[in-house]
1. Could you list all residues from the range 85-101 that are more than 9 Å from residue 118 (Cα to Cα) and not charged (D, E, K, R)?
2. Select, from 101, 87, the only residue that is at pLDDT 95 or above and open to solvent by less than 40 Å² (accessible area, probe 1.4 Å).
3. Please determine, by comparing only the residues of the range 63-84 that are farther than 19 Å from residue 117 by Cβ and among the β-branched types (Val, Ile, Thr), which one is surrounded by the fewest Cβ atoms within 10 Å (Cβ to Cβ).
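The values are calculated or read from the model by the stated rules, or taken from the named source; none is laboratory data. Because the structure is a prediction, the values reported are computed rather than measured. Counting neighbours? That spans all protein chains shown, and the Cβs are built from the backbone with ideal geometry, glycine included. We work out accessible area using only protein heavy atoms, side chains counted, and drop any ligands, DNA or RNA first. Shrake-Rupley method; radii C 1.70, N 1.55, O 1.52, S 1.80 Å.
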Amino acid sequence: MRTDQYIVTRTKPDEAPVDFLTHLPEKDVRERALYLDSEVVPGAFYVATSWFWKATGPGPRAHSHEFAEVLAFFGTNPDDVHDLGGEVELWIDGEKHLMRESFMAYIPAGLEHCPLQVTRVDRPIFHFSTGPRSMYAGDKT
C-alpha cells in the first residue's frame, strides 16, 4: 500500500481555501503553511495552518457554521510553551476574549464567533483551524 499520499508538505495548490486570512497580505503579516481537505487527500477533513509575523487588521465578522470548529494559536517561546508571544482577540457568542497564552477554542456548531484579530505579535505565532468537514464551508450568518 502506498502511504505517501497521506502526507502533506505544502498549502493547497490553487491557494483557494476559504478562511479568515484571505484579506491579509501574504508573507508580510502572515504566511499560509499547510492546508488539508478532501481535495488534497481524499477522505480528509479540513485543516488550515498559518504563521503570523505581525498584527493583523480586523478579521472576519461574527458568523456561525453548521459544523463544529477548532481555532488554535500557539506561541513559539521554547522556554514557556504557554506564552503566546502576542495577543489574539476572539469573540465567542458576543463575549470578547483577549488571549495571551497559547490556546485552542472549540466552537460548537451554530455558535456565533468572531470577530477575530491578532492584535500583537512579539514572536511568530502558529495558527490552525479545523473542523469535521471534508472542506471548509462558509458561514451561515
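1. Matches in the range 85-101: 85, 91, 92, 94, 97, 98, 99.
2. 87
3. 81
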